[in-house]
Amino acid sequence: MQHNIDVEKLGPQGEIMAHAIEACVHCGFCLPACPTYQVLGEEMDSPRGRIFLMKEVLEGSLQLEEAQPYLDKCLGCQGCVTACPSGVPYGELIATYRGWSEPQRKRTPFQKLFRIGLQETLPYPSRFRAVAALGRLGKPIKPLLPPLLQAPLELLPGQLPKHQPLPEVVPAEGERRARVAFLAGCAQQVLQPNFNHATLRVLARNGVEVVIPKGQGCCGALAMHTGERARALRFARTNLSAFAGEYDAILTNAAGCGSGLKEYPLLFHGEPEQAQARQMAAKVKDVSVFLVELGLKAVPPLERPLKVAYHDACHLAHAQQVRAEPRQLLKSIPGLELVEIPEGELCCGSAGTYNLEQPNIAAALGERKARNILATGAELVVTGNIGCFTQIQSHLRRLGREIPVLHTLELLDRAYAQSPVLPGR
């Protein structure tokens, strides 16, 4: 696609946007892979349509506010990246475009306040814990609240898990095979702290010493993917310092966080720390990838055969192209039957804060995902991202089906411990 974009006027990331736009040949392979196009059926709500809109805005042919309603509805799931035969880096395009456009946006006072609330609470576990506890008290008056405030309450669990602080170091059991640093994440420390503790136990059992650097913070993905580039850079600079030690790898157990860390070279493009960001990103691995490369120690057989559905988190399957490794870990558990979810490549509608900012589209995708999971006949659902976990659990509950949802490493942890895999058994 030819363009007349003044790259220099757009700053250091202008060349990234121009390159991505130029790579698109408008073929349409992205249409069936796009969740919003599947739900809404509008050309401008497809990756191809959004690329055209961004091009027009950057060239000055279209007002930013005219394009914004369509661009805001993009989940950033990058399903189109997997489907694209031309290799268009759509994820880089939408992230850099939002970083460029957000400071110029016109938002209502309520929208500004809502976004500030998200940015000032979700990346800080102690703040988020306090707000989540307060939110549970507001559930009885949910119908009286604006739709934008109803969505967060709908996703909160009935009861918050007890706070489980993380140690600074978890020693390897037996001979040490590797030494890694671990990103603890933000929301999952509050909503599902066992994700981290199960991950640490599995790593230790496999001879991995794990360091949880005290100085770490939010990966910055939430800020980066919502156009708050300056805020994302502040978080990222904190982590460049915190994870500067000598490690065999830097591990995450959350797809969104792992993708966020791997995007540091994009975030720091044109910044003094660009080379340091590349070095750090090269060490980042999802825990499933790391364990497969290391070689998983034998897992005891399950107490009985179990049918499990694995949900591909978008920022693992599409952004990081990690699909085989989580399945390989699950298949290593004797007695486990792994089943695929119909339309498994489509986003569940979580997408960071998308299910809070675009609740109607997110709800349609969440119900679609839940119904596809139920069609498998699975007894248990497994995924590798806190947002997907919350969204899927919420929509299964809405359909009246309390199928247990676990993190991949939680299931491995239970299998190793020979404890009941299904909750309540």
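The values are calculated or read from the model by the stated rules, or taken from the named source; none is laboratory data. Because the structure is a prediction, the values reported are computed rather than measured. With ideal geometry, Cβ positions are generated from the backbone for all residues, glycine too; neighbour counts draw on all protein chains shown. In case anyone asks, the SASA skips ligands and DNA or RNA and just uses the protein heavy atoms, side chains included. Shrake-Rupley method; radii C 1.70, N 1.55, O 1.52, S 1.80 Å.
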For this session: Consider just the alpha-carbon atoms of segment 246-320 and return their Rg together with their Dmax, both in angstrom.
Result: 16.1, 55
Exercise. Treating the beta-carbon of each Lys and Arg as +1 and of each Asp and Glu as -1, no other charges, what is the dipole magnitude of segment 204-350 about its Cα centre, to the nearest 20 debye?
Worked result: 280
Exercise. Measuring from label point to label point, each 7 Å out along Cα→Cβ, what is the residue 279 to residue 82 span in nm?
Worked result: 3.4
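Run the numbers for residue 144 and residue 374: contour at 0.36 nm per residue of separation, minus the present Cα-Cα distance, in nm.
Values: separation 230, 0.36 × 230 = 82.80 nm, distance 3.19 nm.
Between residue 144 and residue 374, full extension yields an extra 79.6 nm.
What is the magnitude of the charge dipole of segment 142-210 about its Cα centre, with +1 placed on the Cβ of each Lys and Arg, -1 on the Cβ of each Asp and Glu, and no other charges, expressed in debye to the nearest 20?
Numbers: 7 positive and 5 negative charges, 15 e Å.
Computed about the Cα centre, the dipole is about 80 debye.
For the chain, what's the relative contact order in percent, using C-alpha pairs closer than 8 Å and at least 6 residues apart? Mind showing how you got there, number by number?
On the way: 701 pairs, mean separation 61.7, N = 425.
Answer for the chain is 15 percent.
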Problem set entry | Positive dipole terminus of the chain, leading residue within 202, 75, 32 (C-beta point charges) | 202
Exercise. Under a straight-distance cross-link criterion of Cα-Cα below 12 Å, which aspartates and glutamates are reachable from residue 262, leaving out those fewer than 8 residues away in the same chain?
Worked result: 92, 286
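What ranking of 137, 338 comes out by heavy-atom accessible area, probe 1.4 Å, highest first? Kindly include the intermediate steps, with their values, before the conclusion.
Numbers: 137 130, 338 40 Å².
The most accessible residue leads, giving 137, 338.
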Exercise. How about residue 9: which aspartates and glutamates have a C-alpha closer than 12 Å to its C-alpha, ignoring those fewer than 8 places off in the same chain?
Worked result: 59
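Would you list 52, 389 from the most to the least accessible area, probe 1.4 Å? Mind showing how you got there, number by number?
Values: 52 85, 389 10 Å².
Accessible-area ranking of 52, 389, largest first: 52, 389.
In µm²/s, what is D for segment 8-104 at 4 °C and 1.567 mPa s, where D = kT/(6 pi eta Rh) by Stokes-Einstein and Rh is the Kirkwood radius from Cα pairs?
Details: Rh = 13.3 Å.
Translational D for this selection: 98 µm²/s.
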For this session: Can you send over the carbon and sulfur percentage of the accessible area for segment 169-293, probe radius 1.4 Å, protein chains only?
Result: 48
For this session: Tell me what the chain gives for mean residue ellipticity at 222 nm when only DSSP H runs of n ≥ 4 count, each as -39,500 (n - 2.57), the sum divided by the residue total, rounded to 500 deg cm²/dmol.
Result: -14000 deg cm²/dmol
Problem set entry | Virtual spin-label span in nm between residue 66 and residue 159, 7 Å along Cα→Cβ | 5.6
Problem set entry | Cα-based helix-to-principal-axis angle, 274-283 vs the chain, degrees rounded to 10 | 30
Exercise. What pairs from 73/283; 162/283; 139/162 go past 27 Å between their alpha carbons?
Worked result: 73/283; 162/283
Seminar exercise, completed: On the formula 1/(1 + (r/R0)^6), with r taken between the Cβ atoms of residue 402 and residue 59 and R0 of 56 Å, the FRET efficiency rounded to 0.05 is 0.65
Exercise. With each label point set 7 Å from Cα along the Cα-Cβ vector, what nm distance links residue 248 and residue 419?
Worked result: 2.5
For this session: Please give the contour-minus-distance gain from residue 42 to residue 15: 0.36 nm per residue of separation, less the Cα-Cα distance, rounded to one decimal in nm.
Result: 6.9 nm
Exercise. In whole Å, how far is the Cα centre of segment 1-42 from that of segment 356-379?
Worked result: 28
Seminar exercise, completed: At the level of C-alpha centres, the distance separating segment 104-137 and segment 166-220, in angstrom, is 27
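For a Förster distance of 56 Å, can you work out the FRET efficiency between the beta-carbons of residue 23 and residue 136, rounded to the nearest 0.05? Don't skip to the end; give the middle numbers.
Working: r = 46 Å, r/R0 = 0.83.
Approximately 0.75, to the nearest 0.05.
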For this session: Give me the accessible area per residue for the chain, probe 1.4 Å, as a whole number in Å².
Result: 42
Problem set entry | Charged-residue dipole, Cβ positions (Lys, Arg, Asp, Glu), the chain about Cα centre, Debye nearest 20 | 1360
For this session: State the answer as a single residue: which of 219, 186, 132 lies farthest towards the positive end of the charge dipole of the chain, with beta carbon charges of +1 for Lys and Arg and -1 for Asp and Glu, about the Cα centre.
Result: 132
